[in-house]
Amino acid sequence: MLASIIASGLAVGAVYALIGITYNTMFATSRVMSFTAGQLGMLGGVFGSLFALRLGLPILPALVLTLACCALIGVVTEIVAVRPVLKSLDQHLYVLTTLAVALLIQHTTAMEWSTEPQPFPRVLDLGSGIWDEKYWLPVVVCILTILSLEYLYRYTLVGRAFVAIAEDNFAARALGLPERNLRIASYALAGAIGALAGFAGGQLLLAFFANGPLLNFYGFIPVALGGLGNNRGAVIGGFLLGLYQQAANFLVGGIFSSVAVFTLFIIVLLAAPQGMFGAQAVRRV
């Protein structure tokens with residue numbers, strides 16, 4: 001039983017961590033918390049099932065098409081819900097605009113796809129029991145994603161431009177960096193990461209339109225736990241959340257496991273509002 005809790009906890013936690021990274025990737029270049037992150041994860045499962053099962057495509061082309069579709073939706077989100085808000089004096093309107101886009105995505109998916117959970121195909125068809133691919137695949141994808149992002153940010157010009165925009169977009173613009181193009185690219189990247197979360201976790205979560213709000217909330221908790229903008233913290237927070245949630249499911253079950261997650265969330269925020277790995281905000285005077 002303990003092995004099952006650990007395996008499922010790490011798998012679900014990896015999906016939450018990827019959604020947390022999606023939040024961070026969009027936030028880094030726009031300072032906007034886009035509540036479409038969970039919907040991108042949901043669409044990763046829906047598009048994956050659509051292309052691989054309904055249309056009968058091989059897994060690799062299905063994955064590529066899923067990433068492309070979600071990257072495009074990320075770009076549309078930036079154009080429709082984020083860019084107009086950045087020009088507004090009241091930039092907190094992004095709460096309404098991104099939520100509106102998230103609801104639009106969810107209800108459109110429900111109408112065009114299905115209101116019932118749909119199966120997700122086997123990806124590699126490897127392993128069984130606690131070593132089944134549905135448990136280790138999300139973990140592997142999460143680790144590869146964070147390593148790839150570390151390489152991107154540290155060793156490529158585009159990645160360094162992302163970091164510059166994230167640290168000080170005014171100074172970056174003064175240096176001639178194309179802020180708008182970089183922001184669009186970051187939203188496309190975030191869309192692809194969200195798609196990876198839904199695709200890798202599809203065998204656990206299935207292709208279900210209602211996964212969007214679930215992933216929105218549980219994907220935000222690793223961001224709060226790890227510190228906003230800290231991808232490493234989001235990964236650690238995601239794994240800890242997954243293990244805690246699955247242990248709570250086993251011990252108390254049902255709705256009480258959600259209460260346990262909410263309680264942990266509140267306690268951590270009260271103890272460390274900046275997150276476990278986040279730096280405290282410093283104001284220059």
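Rule-based calculations on the coordinates, nothing more; no lab input. Please read these numbers as outputs of a predicted model, since none were measured by experiment. For neighbour counting, all protein chains shown are included, and Cβ atoms are generated from backbone atoms with ideal geometry for every residue, glycine included.
Worth a mention:
- Residue in segment 53-67 that is touching a Ser or Thr at 6+ places or on another chain (Cβ under 8 Å), surrounded by 18 or more Cβ atoms within 10 Å (Cβ to Cβ), in a helix (DSSP H, G or I) and of a type in the set (A, V, I, L, M) present: no
- Against the numbered list (1) closer than 16 Å to G38 by Cα; (2) surrounded by 15 or more Cβ atoms within 10 Å (Cβ to Cβ); (3) out of contact with any Phe, Trp or Tyr (no Cβ under 7 Å at 6 or more places or on another chain), V95 comes up short only at (2).
- Number of residues in segment 225-242 that are over 21 Å from E167 (Cβ atoms) and surrounded by fewer than 23 Cβ atoms within 10 Å (Cβ to Cβ): the value is 3.
- Condition met for A185 (closer than 16 Å to G74 by Cβ, assigned to a helix (DSSP H, G or I) and of a type outside the set (S, T, Y)): yes
- Selection within segment 7-45 - part of a helix (DSSP H, G or I), farther than 18 Å from Y218 by Cβ and not small (G, A, S): T29
- Considered as a group, the residues in segment 150-175 that are acidic (D, E) and either part of a helix (DSSP H, G or I) or touching a helix residue (DSSP H, G or I) at 6+ places or on another chain (Cβ under 7 Å) (or both) include one that is farthest from T29 (Cα to Cα), and that residue is E150.
Quick grid of which residues meet (1) of a type outside the set (A, V, I, L, M, F, W, C); (2) surrounded by 23 or more Cβ atoms within 10 Å (Cβ to Cβ); (3) under 19 Å from G74 (Cα atoms):
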residue: R154; (1), (2), (3): yes, no, no
residue: E167; (1), (2), (3): yes, no, no
residue: L175; (1), (2), (3): no, no, no
residue: E179; (1), (2), (3): yes, no, yes
residue: L196; (1), (2), (3): no, yes, yes
residue: L215; (1), (2), (3): no, yes, yes
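- Answer from I193, I184, I146 - the residue that is of a type in the set (A, V, I, L, M, F, W, C) and more than 26 Å from V101 (Cβ to Cβ): I146
Yes/no matrix, rows are residues, columns are (1) over 14 Å from G202 (Cα atoms); (2) in contact with an Asp or Glu (Cβ under 8 Å, 6 or more places away or on another chain); (3) of a type in the set (D, E):
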residue	(1), (2), (3)
A14	no, no, no
N24	yes, no, no
M33	yes, no, no
G41	no, no, no
S49	no, no, no
A62	no, no, no
V75	yes, no, no
E78	yes, no, yes
